[in-house]
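Below: one structure, written as structure tokens.
Every number in this text was worked out from the coordinates using simple rules, so none of it is lab data. Source: prediction; values computed, not measured. FYI the Cβ positions are ideal-geometry reconstructions off the backbone, even for glycines, and counts take in every protein chain you see.
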Amino acid sequence: MIIVLSYSMNRLSVVKMLENMQIPVFTVQQFSAILGKDSAYAAVLLNRMIGANELTRIMRGRFALPDTDILCIASSIYFPSYVSLWKAFEYYGATTQMPRMVDVVCTKRPCVLKIELETGNFQIRFINTASSKIYGIKKVKIEGKIAFIAEKERAIIDSLQYMDYISLDEVYFSMSSTIEPEKIIEYAKRSEKQSVMKRAGYLLEKAGYSCQPYDFGGLSQTYVPLDPKNPKQGKYDPKWRIIVNTVIE
């Protein structure tokens, strides 16, 4: 079937409509509803606008304006999901790095998605978690579009859980900015992981915050390495049951 687009549907006016919407990522069905046209018409117009670089195909069935902020796009591909780790620290000004990898915690299977936008090339890494672990999130607006970003304290706890993706120095550096230690403790406990609770307690105390093992509901007798990427060699901290196998300052 050949679809003939009406001249009344000016592509510039379509871009303006999309710019005024808070939703950063949309499907063919949503695009069809925005236009008030059927899905066949919407699909043809989408392809033409992508060819003219007026829209970007994020992945199969997902589209966005090419100047949309990567945090908005990354946290809106799947629901529920949120940006965390290094990119969250960058948002809060709690890192000196400018990562191109955007880590998104969600309930979908782990994968990496490459994206090209006007602001550069990015990779979105999806980290799987249970739906019950989706909490500690801020809903923010960036240039009029919605983004879901981990609270700084939640990003710290995520980092202590997914330490293959971020350096311990960066986690500790993020604690030098304003944080709420009570939230660190709460989120560490909700992780239900002894390694996370022990590392969180050790780092909080090293950063100058007052906390005790009982704040975490009690810790097991097993020692865990401060940095799991390093050999299990170093001084044993009996309070936090940590093997101090790296130097942080």
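When we measure straight from the Cα of Lys87, which aspartates and glutamates land under 13 angstrom away, once same-chain ones fewer than 8 places off are left out?
Answer for Lys87, where 13 Å is the Cα cut-off: Asp69, Asp103, Glu151, Asp158, Glu170, listed by chain and number.
Work through the residues other than Tyr82 whose Cβ is under 12 Å from its Cβ and net out their charges, Lys, Arg +1 and Asp, Glu -1.
Net charge around Tyr82: +2.
Among bridges DSSP assigns within segment 83-214, what percent are antiparallel (round to 5)?
The answer is about 70 percent antiparallel.
Take peptides 16-26, 151-161 and line them up by average Cβ neighbours within 10 Å, highest first, as a rough protection proxy.
Taking the mean over residues of other Cβ atoms within 10 Å, the ranking is 151-161, 16-26.
Using modelled backbone amide H atoms (1.01 Å from N, in-plane), which distant-in-sequence or interchain residues come within less than 5 Å of Lys138's amide H?
The answer is Ile149, Ala150, Glu151.
Using Cβ contacts closer than 10 Å as the measure, can you line up Phe126, Phe89 from fewest to most?
Final ranking by Cβ density, sparse to dense: Phe126, Phe89.
Quote the FRET efficiency, to the nearest 0.05, computed for Glu143 versus Asp164 with a Förster distance R0 of 35 Å and r equal to the Cβ-Cβ distance. Working shown, then result.
Working: r = 32 Å, r/R0 = 0.91.
The value I calculate is 0.65.
Any chance you could give the angle, 0 to 90 degrees and rounded to 10, that helix 152-161 forms with the longest Cα principal axis of the chain?
70 degrees
Past 21 Å, Cα to Cα, is the threshold; run Lys193/Lys229; Lys206/Lys235; Lys16/Lys139; Lys145/Lys183 against it and keep the listed order.
Lys16/Lys139; Lys145/Lys183
Roughly what % antiparallel, to the nearest 5, for the DSSP beta bridges in segment 1-151? Intermediate results must be reported in sequence, preceding the final value.
On the way: 21 of 28 bridges.
Approximately 75 percent, going by the DSSP bridge assignments.
Using the Cβ atoms and a cut-off under 14 Å, what net charge is assigned to the surroundings of Gln29, where Lys and Arg are +1 and Asp and Glu are -1?
Value of the local net charge: +2.
Please compute the net charge surrounding Lys183, taking Lys and Arg as +1 and Asp and Glu as -1 over other residues with Cβ under 9 Å from its Cβ. Numbers along the way, then the final one.
Values: positive: Lys152, Arg154; negative: Glu151, Glu153, Glu180, Glu182, Glu186.
Result for the local shell: -3.
Please list, in chain and number order, the residues 5+ apart from Ser75 or on another chain whose amide H is under 5 Å from its amide H, with Hs placed from the backbone.
Placed amide hydrogens put Phe148 under 5 Å from Ser75.
Hey, what number do you get for the chain at 222 nm if only DSSP H runs of n ≥ 4 count, each worth -39500 (n - 2.57), divided across all residues, to the nearest 500?
-9500 deg cm²/dmol
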